[in-house]
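What follows draws every value from the coordinates through simple rules; no lab data is involved. Remember, predicted model here, so these are calculated numbers, not experimental data. Cβ placement follows ideal geometry from the backbone for every residue including glycine, while neighbour counts extend to all protein chains displayed.
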Amino acid sequence: MFKVVFAAVTFLVAAAVLVMVILKTANPEPTHDAVKNKSSEKFASSEPATRILATQATAIADQPALTTDDPRVADMQWLPGGRFEMGALNTVPDEFPPHLVALDGFWMDTTEVTNQQFKEFVDATGYLTTAERPPELRSIQPDSQLANVQILPELNKPGSICSLQLSSRDDIDPQKGAYSWWQYVPGADWMHPEGAESTIEDRMDHPVVHVSWLDAKAYCDWAGKKLPTEAQWEFAARGKRSGAIYPWGDDLNPDGKWRHNIWQGEFPIQDTGEDGFTRTASVKSFPANDFGLYEITGNVWEWCADYYQPEYYAVSPSRNPPGPDSSYDPQDPGIIKRVQRGGSFMCSDQYCVGYRVSARMKGEEDTGAFHTGFRCIVTPDMLQKM
Ligand SMILES: [Ca+2]
């Protein structure tokens, strides 16, 4: 399938959704070492590497939870807002520069949206996710050469992106790279996470996956909620632990215990599942962070509201940054991308290290995957609209 798709992309006649599969996986996250080296290269000449001290960001103090009987927030956690340092030094360039951000308080789902919750949405609305519909050109930049892409009839089937189980390093084709394990699987969707023959019957309390950003937004609109901004997400994940690598501190395995669902073992050959899971985990499988949020890192990537731009931190406003007003990923300039955060069960310390609280990821807004979900927020202004 890859050769077919690759040729199709070359001649700009590929199935659009598969273009996205390829563009997404053609630029896999760098390894941790590569991250450090790349970061050093980029910033070696910018001595000294400094934080942006946005003094105006000091204006917001912690805010007490509002008293409300709004049922939407009954099972959500109030986060008090306030000032925090967003981003990181000496990691991945798009996490630079660290900068002070001030946020108003908001409520956040304590867990990732589950299959059960998403089923209630689908039952009430009849909504069909993008993975259940024929592929369409939904996230191509209008002025891109990819705007001329057409869909090959034989690939024009509903489906989504899954990771295949490799048996050895011999299964990795150097020409394919990450495509050796990432593949578009017809029939894969939120009800069939590994393909048409799989089921979620015994996973109703697991996070919903194979949802695109568009699907996540549709759920939020129905629920009277919204996706967090990237700043809100990072504030939530940090839980007031300024500068920490993980939600609980800097030790990946405090007391020798795994604190979130990620990949252990040789990536991408064998996940030993030392943390108890080789795929998604039910949504309260690990301790909550200091804000009472479960699996804010690990388990599944979480969509944020923001468009993705790698250099946004250098120009973002300090108070309630909304994200850039358009998408731009220099690796895939023709694709409209949104931010994803938190890492997933596919994240390894040998590869993306995406479970760090400052780690940024991006995905085509019309494309889900079997390791991507979301959680919602509600802001006080939304209550006033009731
Ligand atoms: Ca795991």
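For this structure, a couple of remarks:
- For the residue pairs 226/284; 176/362; 217/257; 119/240, alpha carbon separations beyond 32 Å are given by 217/257; 119/240.
- With contacts taken as Cα pairs under 8 Å at a separation of at least 6 residues, segment 185-258 carries a relative contact order of 14 percent.
- This ranking places 206, 99, 260 by how few other beta-carbon atoms lie within 10 Å of each, fewest first, which gives 99, 206, 260.
- Ordering 359, 322, 376 by Cα displacement along the dipole of segment 306-386 toward the positive end leaves 376 in first place; charges were set at the Cβ atoms of Lys, Arg (+1) and Asp, Glu (-1).
- Exposure proxy ranking for 226, 257, 284, based on other Cβ atoms within 10 angstrom of each Cβ and starting from the fewest, stands as 257, 284, 226.
- Each peptide in 324-337, 210-223 gets a packing score, the mean of other Cβ atoms within 10 Å over its residues, and the list from highest to lowest is 210-223, 324-337.
- Farthest toward the positive end of the dipole of segment 135-271, out of 206, 224, 256, is the Cα of 224, where the dipole comes from beta carbon charges about the Cα centre.
- Counting only Cβ charges, +1 for Lys and Arg and -1 for Asp and Glu, the dipole size of segment 345-386 around its Cα centre is about 180 debye.
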